[in-house]
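Novice: Could you have a look at this structure, given as structure tokens, before my questions?
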Amino acid sequence: MAEDKDKKELAPEFKARLRTEFEKDWRKDLRKTLPVKDRMKLSRQKMPEREAGERNRDFNEVNLGLTLEMAQAEARRCLDCANPLCITGCPVAIDIPSFVKLIENGHFLEAAWKLKETNSLPAICGRVCPQETQCEEVCTMKKASGVAVAIGNLERFAADFERLSGSGGIPPLPPPSGKKAAVIGAGPAGLTVAGDLAKLGHSVIVFEALHESGGVLIYGIPEFRLPKAILKAEVDYLKRLGVEVRTNFVVGMTATIDDLRNEGYEAFFIGSGAGLPNFMKIPGENLVGVYSANEYLTRVNLMRAYAFPAYDTPVLKAKTAAVIGGGNVAMDSVRTAKRLGAERAVIVYRRSRTEMPARTEEIHHAEEEGIEFQLLTTPIRYFGDEYGRVRAMECQKMELGEPDASGRRRPVPIEGSEYTIDVDLVVCAIGQSPNPLIPQTTPGLKMGKWGNVEVDWTTMATSIPGVYAGGDIIRGGATVILAMGDARIAAAEIDKYLRR
Amino acid sequence: MMPKILTQARLVPNLHLIEVRAPEVARKCRPGQFVIIMPDERGERIPLSIADWDAKRESVTAVFLVVGTTTRKLASLRAGDEVPVFVGPLGRPSEIGAFGTVVLAAGCFGIGALWPTARALKTAGNRVIAVLDAKAHYLLYWQDRYRSVCDKVLFSSRDHALGSKDFIPKPLEDVLHHDGPVDRVIAVGCTYLMYASAQATKPLGIKTIVSLNPIMVDGTGMCGACRCTAAGKTKFACVDGPDFDAHQVDWDQLFTRRKSYFDDEIRSLCAWEEKELP
């Protein structure tokens, strides 16, 4: 819904600050230690990862993280450009060259603090951002040598270094403003707003419907990609900044925005996410064994069904699991099914490999782990057994036609290409829509045609004064980092609003 | 700061009442809504219909049937214990209006779940008749509460101790034929009771509302576990319901989906009993 708005022109005062950092003596000296042409010859450090045949049987993290030496070697590849494009590719405009050069210089903690100036959740972004379409896509090193600096891996390294060092520091906080803001949803957008507002001296309460903080980071993204301990550490950091999280509180039901206003909250941020799974509306979709990705992943991640019966929540196991879709959520689901013992775990995607929206690394990891890909294919119906459980699906082959509104070539069914495969688990990962609870219970909140909350994209302000929104509730299913980008804009505007 | 249990008691064999201190929920809840509860950190999230609330005690009460691991865990809690999740109120409130004559059919936990509706319907000026069903007369509860607001309360139990011994729909049909005309029927209880009530009222064309009870996880529309079919369309019971027009519900699908985890439920229960029972 907003792709064109996501590549940003940097503000002049921000450019000036970057310039000041760039001109610092230590940066100048560091640049002199190795000529640009030699830096360009350095090859990218490969992220160490667990062997595919071992990791596809458990839920421990796949990537092991760069070592100290590897991180410094990778940081040396950064050319420290006078006009760093990487920053323009980052939805939250992290000062990337500064933190990378701090790593090269061995100042790892300072690198983490530099990240935290603009990003309260760097250990998460370092793991889940689609860097290859953002900062790394526009990296000068990519143009020069064909291979971008591994900015994401370095971000993860710095954040992990700080956490493991146990520094636990927080930046100096301004005196309390005496103003109170309510943040709805403890997902990536909400947590970012909360962190920013706390750092600006406001009192912030985050209201979360589930019993743990994180939103999609806790219920959606699996342990093998984002360990819960990492998320917990990032949330603990926000708590040290003074942020309070109230779990088990469904704004719209437990209290409405108007109720909270009467309790003294002056500003609101709606970050309630894309909590409404889409289905294809094809026959058999309500058979037992057909899940939405939200349900499948929530059972396994938030409710720990992988440890059933030590945890009480079950999840159905499969011989053959089919996951419909080609995004990150589909990859997370199919790799989860494999880990839960599926002999065959298959991605069924209606376009080709090129159009898959998942991160390159996730597709690559999935292939290594033995995931099958049935591309240019779509399910058209599911068949059940006598107990109402899914036993097979009928598929149809597709070919690519003219580009559609998204710019991707539209899949067109090939008549007569139908075939049936036996499956005993289906996960539908074809996207989510914005959750309707807040819109339904907030009179005067202007909605768009996809059920999304409408905002002014320059300020993230909704149609109600003092109420802002960001993330999937306005976008309808995007990425963690875009949600955080919205959140940073919203936090700055909420600060202005509270001090009006 | 976890929600604290104020009361946990056996009402009748296998049916328990739990009263939890939850000030915000108590302020907001309306007849027909539910909460999601989780008995401990490793527990499952399950929906429980709200059976009562008390603004002064800032508490919300639910009645549940002890059937699996989660409800056994709940039944073992005592006043003063805490639960990690007690969230709500969830779902759309039941429609309360001046309908005329309303017949309530309830059994099992549904006798508790339908109580706030009975009270509200009376206040709204309806003639309210209740048919309360149980396997045996000693499994009935809250008869006095119903007598205090209903114009007529009938009982059915298989042991023939109080009125009819037939299971619903028979006693319901008797009311529809002898106490008519009836403007609306509301049935809450096990899936079979609601299904049978729907069968009884369909030929008579009486609008019938049921409170569906599919498996849920988050209860806020996020996961879609609770999807059911009404009037040919997929609905999420947690946000589109839980009340639906009984004559539009795909009952076979509801029965089937409720049994999704039948084997796992038994495995879970065995694991719990091995650990907890001597």
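Throughout, read-outs are computed from the coordinates displayed, never taken from laboratory work. Because the structure is predicted, anything quoted here is derived from the model rather than measured. Cβ sites come from the backbone with ideal geometry, for glycine too, and all protein chains shown count toward neighbours.
Novice: Which order results if B:Ser260, A:Ser406, A:Ser272, B:Ser76 are arranged by neighbouring Cβ count within 10 Å, fewest first?
Specialist: A:Ser406, B:Ser76, B:Ser260, A:Ser272
Novice: Same structure again: In a shell of Cβ-Cβ distance under 13 Å around A:Gly264, excluding A:Gly264 itself, what net charge do Lys and Arg (+1) and Asp and Glu (-1) give?
Specialist: -1
Novice: Same structure again: In what order do A:Met141, A:Met398, A:Met460 fall by count of nearby beta-carbon atoms within 10 Å, going from fewest to most? It would help to have the intermediate numbers written out before the result.
Specialist: Values: A:Met141 23, A:Met398 20, A:Met460 28.
Sorted ascending by nearby Cβ count, the order is A:Met398, A:Met141, A:Met460.
Novice: What nm distance separates the two modelled labels at A:Ala405 and A:Thr459, each placed 7 Å from Cα along Cα→Cβ?
Specialist: A separation of 2.7 nm, rounded to one decimal place.
Novice: For the protein assembly as shown, what is the Kirkwood hydrodynamic radius in Å, using each pair of distinct C-alpha atoms?
Specialist: Working: mean 1/r = 0.0356 Å⁻¹.
That comes to 28.1 Å for the protein assembly as shown.
Novice: Here's a follow-up. Loop only per DSSP, at most 13 neighbouring Cβ atoms within 10 Å: give me the chymotrypsin sites (Phe, Trp or Tyr not before Pro) in the range A:382-412, ordered by residue number.
Specialist: Loop-located and lightly packed - A:Tyr387.
Novice: Sticking with this structure for a sec: A:Glu13 to A:Ala82: extension gain in nm, 0.36 nm per residue of separation minus the Cα-Cα distance?
Specialist: Extending this stretch completely gives an extra 23.2 nm.
Novice: Could I ask something else about it? Would you please calculate the Kirkwood hydrodynamic radius of the range B:101-258 over all C-alpha pairs and express it in Å, rounded to one decimal? Present the calculation step by step, with values, prior to reporting the outcome.
Specialist: Numbers: mean 1/r = 0.0632 Å⁻¹.
Roughly 15.8 Å, rounded to one decimal.
Novice: So, one more: What are the residues whose amide H is under 5 Å from the amide H of A:Ser292, where those residues sit 5 or more places off or on another chain and H is modelled from the backbone?
Specialist: A:Cys428
Novice: Here's a follow-up. Skipping prolines and chain starts, which residues have an amide H placed within reach, meaning under 5 Å, of the one on B:Ile209, given they are 5 or more residues away or on another chain?
Specialist: Here the answer is B:Val185, B:Ile186, B:Ala187, B:Ala246, since their amide H atoms fall under 5 Å of that of B:Ile209.
Novice: For the range A:141-146, take each phi angle, set θ = phi - 60°, evaluate the Karplus expression 6.51 cos²θ - 1.76 cosθ + 1.60, and give the result in whole Hz per residue in order, putting x for glycine and proline.
Specialist: 4, 5, 5, 6, 10, x
Novice: Using unit Cβ charges (K, R positive; D, E negative) and no other charged atoms, how large, in debye to the nearest 20, is the dipole of the protein assembly as shown about its Cα centre?
Specialist: I would put it at about 900 debye.
Novice: Can I ask one more? Pull up all non-local amide H partners of B:Gly241: gap of 5 or more, or a different chain, and H-to-H distance under 5 Å with H placed in the peptide plane.
Specialist: B:Arg92
Novice: Still on this structure, I have one more. Regarding the range A:3-165, what is the average projected area of its C-alpha convex hull, in nm²?
Specialist: Here the figure is 10.3 nm², rounded to one decimal.
Novice: To check my understanding: the extent here is largest minus smallest coordinate of the Cα atoms along each principal axis. What are those three numbers for the range B:98-152, in Å, largest first?
Specialist: Sorted from largest, the Cα extents of the range B:98-152 read 33, 17, 15 Å.
Novice: Let me ask something else about it. Can you give me the C-alpha center-to-center distance between the range A:466-500 and the range A:283-350, rounded to a whole angstrom?
Specialist: 31
Novice: Go through the range B:66-159 and name the trypsin sites (Lys or Arg not before Pro) that are in a DSSP coil and have 11 or fewer other Cβ atoms within 10 Å of their Cβ.
Specialist: B:Arg78
Novice: While we're on this one: At a Cα cut-off below 18 Å, give the lysines reachable from A:Lys228, other chains included and same-chain residues fewer than 8 away excluded.
Specialist: A:Lys239
Novice: Just grab the label-to-label distance for B:Ala124 and A:Glu372, each label 7 Å out from Cα along the Cβ direction, in nm (one decimal).
Specialist: The answer from the label model is 5.4 nm.
Novice: Oh, and also: Consider all pairwise Cα distances in the range A:279-430 and report the whole-number % of them above 19 Å.
Specialist: Every Cα pair in the range A:279-430 considered, those over 19 Å come to 52 percent.
Novice: DSSP loop GluC sites (Glu not before Pro) in the range A:8-67 with at most 16 other Cβ atoms within 10 Å of their Cβ, which ones?
Specialist: Those satisfying the criteria are A:Glu9, A:Glu23, A:Glu51.
Novice: Starting from 0.36 nm per residue, how many nanometres of slack lie between B:Asp159 and B:Arg30 once their C-alpha separation is accounted for?
Specialist: Fully extending the segment from B:Asp159 to B:Arg30 adds 43.0 nm.
Novice: Next question, about the same structure. Please provide three numbers in whole Å: the alpha-carbon extents of the range A:155-272 along the principal axes, with the largest listed first.
Specialist: Cα extents, longest axis first: 44, 35, 17 Å.
Novice: Please report the net charge: other residues with Cβ closer than 15 Å to the Cβ of B:Trp251, K and R +1, D and E -1.
Specialist: So the environment of B:Trp251 carries a net charge of +3.
Novice: Any of A:Lys114/A:Lys180; A:Lys449/B:Lys28; B:Lys28/B:Lys170; A:Lys180/B:Lys56 with alpha carbons more than 32 Å apart? Name them for me.
Specialist: B:Lys28/B:Lys170
Novice: Determine the distance separating the Cα centre of the range B:1-73 from the Cα centre of the range A:440-464; give it in Å without decimals.
Specialist: 35
Novice: What does the charge add up to near B:Ile36, with Lys and Arg as +1, Asp and Glu as -1, over the other residues with Cβ less than 12 Å from its Cβ?
Specialist: Working: positive: B:Arg45; negative: B:Glu44, B:Asp218.
Counting the neighbours of B:Ile36, the net charge comes to -1.
Novice: Then there is this: What does the helix-only formula give at 222 nm for the protein assembly as shown: each DSSP H stretch with n ≥ 4 adding -39500 (n - 2.57), the total divided by the residues, and the result rounded to the nearest 500 deg cm²/dmol?
Specialist: It comes out at -9000 deg cm²/dmol, rounded to the nearest 500.
Novice: May I pose another question? Kindly put A:Ile205, A:Ile414 in sequence by how many other C-beta atoms sit within 10 Å of each C-beta, fewest to most.
Specialist: A:Ile414, A:Ile205
Novice: Taking only Cα atoms of the range B:57-136, what ratio of Rg to Rh do you get with Rh as the Kirkwood inverse-distance radius?
Specialist: Here Rg/Rh amounts to 1.03.
Novice: How far is the Cα center of the range A:119-142 from the Cα center of the range A:76-97, in Å?
Specialist: Their Cα centres are 10 Å away from one another.
Novice: A further question follows. If you project the alpha carbons of chain B onto their three principal axes, what span does each projection cover, largest first, in Å?
Specialist: The principal-axis extents, from largest down, are 52, 40, 38 Å.
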